[in-house]
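Scroll down for the structure; my scribbles are underneath it.
The values are calculated or read from the model by the stated rules, or taken from the named source; none is laboratory data. Please read these numbers as outputs of a predicted model, since none were measured by experiment. Heads up, the Cβs are rebuilt from the backbone with ideal geometry, glycines too, and the neighbour counts pull from every protein chain shown.
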Amino acid sequence: MKLYNTLTRSEEPFAPADGRTVRLYNCGLTVYARGHIGNFRTFVAIDILRRTLRHLEGWQVHQVTNFTDVDDKTIAAAAEAGEPLRAFTDRYIAAFREDAAAIGLEPVEEMPRATDEANMRAMVDMIKALEARGHTYRSDGSVYFRIASFPEYGRLARLDHEGMQSGARVDSDSYHKEDARDFVLWKAARPGEPSWDYGLGPGRPGWHIECSAMALRLLGQPPIDIHGGGIDLVFPHHENEIAQAEGATGKPFARFWFHVEFLNLDSEKMSKSLGNVYTVRDVIERGHRASTLRYLLMSVHYRKPLTFSWEILEQAEAAVRRLSDFVARLDAVTGEGSFEGLDARLERARREFHEAMTDDLNMPRALSVVFDLLREMNAAIDAGTLGAAGAAAVRETFEWFDRVLGVLALRKAEDAQPPVPVEEIERLIEERREARKARNFARADEIRAELDARGIVVEDSPTGTRWKRK
Ligand code: AMP
Ligand code: ZN
């Protein structure tokens, strides 16, 4: 397949180095807040990449998506909440898992946390290897990467050393550095902040070292096949990841760099620091489906910016409904029918879909293949030429598309879910039990009626109360 590589600024043929398993790392969420739909644009794009590698190209994928559960922001936010760091970040990790499932991300092989001991040790080992190779210096108990020691610095972001600009995430701590461009590998402990000591003195890792160390610990010898994230990470984060991994091992870090353009809101990047964010849950609470959001986020090419609005979400809903209505319609097709050349037509659709997706994940083109076929098959059903056997073959083709799209399956799972969250149903049933115990039958009946109005039937029996979907 062809994949755009930020390192070379061009599309290149891609195959895993060992011919079988793609070793893929992507930067995960910084868990100091619930992830927003901008974050999920990147995660959905990487999910589409993963599904294309697996289901269209037939490779295995070994994917690592980390959680950044220690950095300046997580520490500050946990302190503000008055909670231990780990308990604080646990909550947002759970929220991420919930949203990831809701939006149909395939489970990945590994989701390491930076603060797990094995990862901390891997970071310290990498810093020691960098020290041994002359890439570091110490200052006030912290360890820094000396950029002047790594002439290749700036190759990914195409920086010249003199004119290097500060990115959004340039480390702005107060420690002494020899050169403003240098970045911290290990930060000396500050009073009241969590710290670890695995041989570099009490402190905590810098953000960048977390990813280099976890990627190589879990994926093995460099170079890994693909490293990905949002476009904002090219500089300094990914540039620094390269400097660390290559400085420590003397080998290239990643063969392909995959970057996803921004989701914007009102012409600005959606971001937690600007505060212009919606979460997956916000979208659902406004009465939309996560499958619709998934469709919207993936329907635009991953290297083009996308501006979110409720109107385009409505348009995405119309498209998803067309798809799901069509598949439902196929199930109702009866009769013999004789669509001339159906097998060849379906074969062509699969080939064109495959070609579009393996052409740097050209989703807009792939979707036009899907909707062209849909239109043609709708006309055939209208004309009575499809027939039950043909409809089954068409359905199989749409299910095959959906292995990559992941929208129809998600829609089906949503339909099978109770319209009211299970926890809420259980809470209301418990409240009703309490009301009955207190002989407040008016309240008990009110709860039953409320659930009934929302599609949940409550049944009392000698063994207790049960509920089911209408
Ligand atoms: P963070 O939690 O900030 O470390 O970000 C997690 C992932 O989301 C990274 O890959 C970011 O590049 C990506 N990301 C953050 N904001 C956006 C956005 N507005 N659009 C697309 N991707 C984003
Ligand atoms: Zn990273």
What are the pairs, 6+ residues apart or on separate chains, where a residue within the range 208-219 that is within 14 Å of ligand 1 (Cβ to nearest atom) has its Cβ under 7 Å from a residue that is among the charged types (D, E, K, R) and at pLDDT 95 or above? HIS208/GLU241; CYS211/GLU241
Return the total of residues in the range 355-386 being in contact with a helix residue (DSSP H, G or I) (Cβ under 6 Å, 6 or more places away or on another chain), of a type outside the set (D, E, K, R) and without any contact (Cβ under 8 Å) to a residue 40 or more places away in the chain. 4
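Has the range 240-261 got any residue that is in a loop (DSSP other than H, G, I, E, B) and within 16 Å of ligand 2 (Cβ to nearest atom)?
Yes, the range 240-261 has at least one match.
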Looking only at the range 453-470, count every residue that is surrounded by 13 or more Cβ atoms within 10 Å (Cβ to Cβ) and either among the hydroxyl-bearing types (Ser, Thr, Tyr) or in a helix (DSSP H, G or I) (or both) and tell me the total. 1
Given (1) more than 15 Å from ligand 1 (Cβ to nearest atom); (2) surrounded by fewer than 22 Cβ atoms within 10 Å (Cβ to Cβ); (3) hydrophobic (A, V, I, L, M, F, W, C), ALA248 misses just (2)
Residues in the range 280-323 that are assigned to a helix (DSSP H, G or I) and within 22 Å of PRO421 (Cβ to Cβ): how many? 14
Sort out which residues of the range 256-270 are surrounded by fewer than 19 Cβ atoms within 10 Å (Cβ to Cβ) and at negative phi, and write them in order of number. ASN264, GLU268, LYS269
Run HIS62 past the list (1) touching a residue at least 60 places away in the same chain (Cβ under 8 Å); (2) within 16 Å of ligand 2 (Cβ to nearest atom); (3) over 11 Å from the mean Cα position of the chain (by Cα) and report the number of the one that doesn't hold. (2)
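Would you point out which residue out of ARG34, ARG54, ARG20 is at pLDDT 95 or above, surrounded by fewer than 23 Cβ atoms within 10 Å (Cβ to Cβ) and either under 29 Å from PRO421 (Cβ atoms) or within 14 Å of ligand 1 (Cβ to nearest atom) (or both)? Please lay out each step first, then the result.
Numbers: ARG54 fails: either under 29 Å from PRO421 (Cβ atoms) or within 14 Å of ligand 1 (Cβ to nearest atom) (or both); ARG20 fails: either under 29 Å from PRO421 (Cβ atoms) or within 14 Å of ligand 1 (Cβ to nearest atom) (or both).
Result: ARG34 is the single residue among ARG34, ARG54, ARG20 that is at pLDDT 95 or above, surrounded by fewer than 23 Cβ atoms within 10 Å (Cβ to Cβ) and either under 29 Å from PRO421 (Cβ atoms) or within 14 Å of ligand 1 (Cβ to nearest atom) (or both).
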Complete set of residues in the range 225-239 that are within 12 Å of ligand 2 (Cβ to nearest atom), outside any helix (DSSP H, G or I) and not small (Gly, Ala, Ser): HIS227
In this structure, does PRO222 turn out to be in contact with a helix residue (DSSP H, G or I) (Cβ under 7 Å, 6 or more places away or on another chain) and away from ligand 2 (no atom under 12 Å from the Cβ)? yes
When the range 78-93 is checked residue by residue, the ones that are over 15 Å from the mean Cα position of the chain (by Cα), surrounded by fewer than 24 Cβ atoms within 10 Å (Cβ to Cβ) and assigned to a helix (DSSP H, G or I) are ALA78, ALA79, GLU80, ALA81, LEU85, ARG86, ALA87, PHE88, ASP90, ARG91
Which numbered condition GLY58 misses (of (1) assigned to a loop (DSSP other than H, G, I, E, B); (2) touching a Ser or Thr at 6+ places or on another chain (Cβ under 9 Å)): (2)
When you go through ILE75, ILE48 one by one, which is the residue that is under 27 Å from VAL184 (Cβ atoms), crowded, with 18+ Cβ neighbours inside 10 Å and away from ligand 2 (no atom under 16 Å from the Cβ)? ILE75
Screening ALA114, ALA100, ALA122 for residues that are farther than 24 Å from GLU239 by Cβ and at pLDDT 95 or above leaves only ALA100
Going by the conditions given, is ASN26 of a type in the set (S, T, N, Q), near ligand 1 (Cβ under 10 Å from one of its atoms) and under 21 Å from GLU117 (Cβ atoms)? no
List pairs: first in the range 131-145 and touching a residue at least 24 places away in the same chain (Cβ under 8 Å), second of a type in the set (D, E, K, R) and part of a strand (DSSP E or B), Cβ under 6 Å, 6+ apart or cross-chain? SER142/LYS187
Among residues of the range 355-369 being touching a Ser or Thr at 6+ places or on another chain (Cβ under 9 Å) and part of a helix (DSSP H, G or I), the residue nearest to PHE14 (Cα to Cα) is MET357
Return yes or no: is GLY28 within 16 Å of ligand 2 (Cβ to nearest atom), at pLDDT 95 or above and within 11 Å of the chain's Cα centre (by Cα)? yes
Within the range 289-307, identify whether any single residue is within 11 Å of ligand 1 (Cβ to nearest atom) and hydrophobic (A, V, I, L, M, F, W, C), and answer yes or no. yes
Among the residues of the range 414-432, how many are touching a residue at least 12 places away in the same chain (Cβ under 8 Å) and in a helix (DSSP H, G or I)? 6
I'd like the residue in the range 332-354 that is assigned to a helix (DSSP H, G or I) and in contact with a helix residue (DSSP H, G or I) (Cβ under 6 Å, 6 or more places away or on another chain) and, out of all such residues, is farthest from ARG403 (Cα to Cα). LEU342
